[in-house]
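Bear in mind these aren't lab numbers, they're just calculated from the coordinates by the rules spelled out. Remember, predicted model here, so these are calculated numbers, not experimental data. Every residue, glycine among them, receives a Cβ derived from its backbone with ideal geometry; neighbour counts consider all protein chains shown.
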Amino acid sequence: MKSNTNGMYELEVCKGIKIDTANGSTSMVTHIGNYKGKVQCADGTESIIIMKNVKVVPGLVKKLFSISTVMRNDWDLLTETKSYNKVLKIKKITWNINSIKRYRKTQMEDI
């Protein structure tokens, strides 16, 4: 989520979509669309990314990133600490027959 439409395209106007914020208040989503931006890679270079279905909520002080949405879309999250800084690494999961078998086995063990 972000507070304005800067850098966004394929925007749709929204009406009646509400979000609950951490302080207990409710805010309205005004638009949903795709966002083209930059991320800093581990080696210090920047890469262009495209995020889909980004919600615009006027008044947000910071951009918000949904970890559960990322994980639902087959991305893996890792954290590490470098010189007292926390780094969140995001990596696309590639599925092959062996990884599917391992995944199914862990799901069966949880039953």
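Neighbours of Thr79 by Cβ distance under 13 Å: Lys/Arg scored +1, Asp/Glu scored -1, total +2.
Computed from the C-beta positions of Lys89 and Leu60, the FRET efficiency with R₀ = 22 Å rounds to 0.35.
Within the shell defined by Cβ-Cβ distances under 15 Å, the residues around Lys62 carry a net charge of +3, with Lys and Arg each +1 and Asp and Glu each -1. Taking GluC sites (Glu not before Pro) across the range 1-74, none is in a DSSP loop with at most 10 further Cβ atoms lying within 10 angstrom of its Cβ.
Shown here for the range 1-84: chymotrypsin sites (Phe, Trp or Tyr not before Pro) in loop regions (DSSP other than H, G, I, E, B) with at most 14 other Cβ atoms within 10 Å, namely Phe65, Tyr84. Pairwise Cα separations in the range 49-93 fall into 10 Å bins from 0 onward with the following percentages, short to long: 21, 44, 31, 4. Between amide H atoms placed 1.01 Å from N, distances below 5 Å from Trp75 occur with Ile93, all of them 5 or more places distant or on a separate chain. Residues of the range 1-24 falling in the label zone of Ser68, defined by backbone nitrogen less than 12 Å from a point 7 Å along Cα to beta-carbon, are 20. Once the Cβ-Cβ distance of Lys52 and Thr81 is raised to the sixth power relative to R0 = 22 Å, the FRET efficiency obtained is 0.15.
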